[in-house]
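**Student:** Input: one structure, supplied below.
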Amino acid sequence: MVIQRKQSLFLLLAAILMGLYAFMPLLINARGEVMLGGMTFEGIGGVVFILNCLVALLSLITIFKFKSLRFQKKLCIINILLIIASIATICTVAFMQEDCDLIGSLTYFNVLPVVAIVFLLLAHKGISHDQKLLRGSSRIR
């Protein structure tokens, strides 16, 4: 296997998106104050920041585990689950705020994890394709 595969590009894009997402304002109250994200790390904001940075780091690690395709697929699934946990945490915090309505308080940056999930799913599909190719080439020998 070589590192110049399409799933490596998808994993890199997911890592970049989640790295950006870690520093963006994620939840804004009615007064325009940032409640979550945007360099506020106290309380649950620190947990969300660490979770998003962990996803970005795991995506980068996944790129370089190209010799173990099974492990790469597992890391993709773990990344997707961590992104879903991050989204669930942000939605829970938004529901718990008394002066926030869910639609008005979330920022447009909250689309980035959904796009990252799509890229991780595409990478997972590419890794599965590589596994099929390797099995097929082993049969020919």
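**Student:** Net charge near Leu122: determine it from the other residues with C-beta under 12 Å of the C-beta of Leu122, scoring Lys and Arg +1 and Asp and Glu -1.
**Tutor:** +3
**Student:** May I pose another question? Taking the Cα-to-Cβ direction at Arg135 and at Phe95 and moving 7 Å from each Cα, how far apart do the two end points lie in nm?
**Tutor:** Here the answer is 4.0 nm between the modelled labels.
**Student:** Additional query: To the nearest 0.05, how large is the calculated FRET efficiency for Phe71 and Leu20 if R₀ is 22 Å and r is the Cβ-Cβ distance?
**Tutor:** E(calc), rounded to 0.05, equals 0.25.
Only the coordinates and a few stated rules stand behind these numbers; no lab work does. Remember, predicted model here, so these are calculated numbers, not experimental data. So basically every Cβ, Gly included, is an ideal-geometry build from the backbone, and we count neighbours across all protein chains shown.
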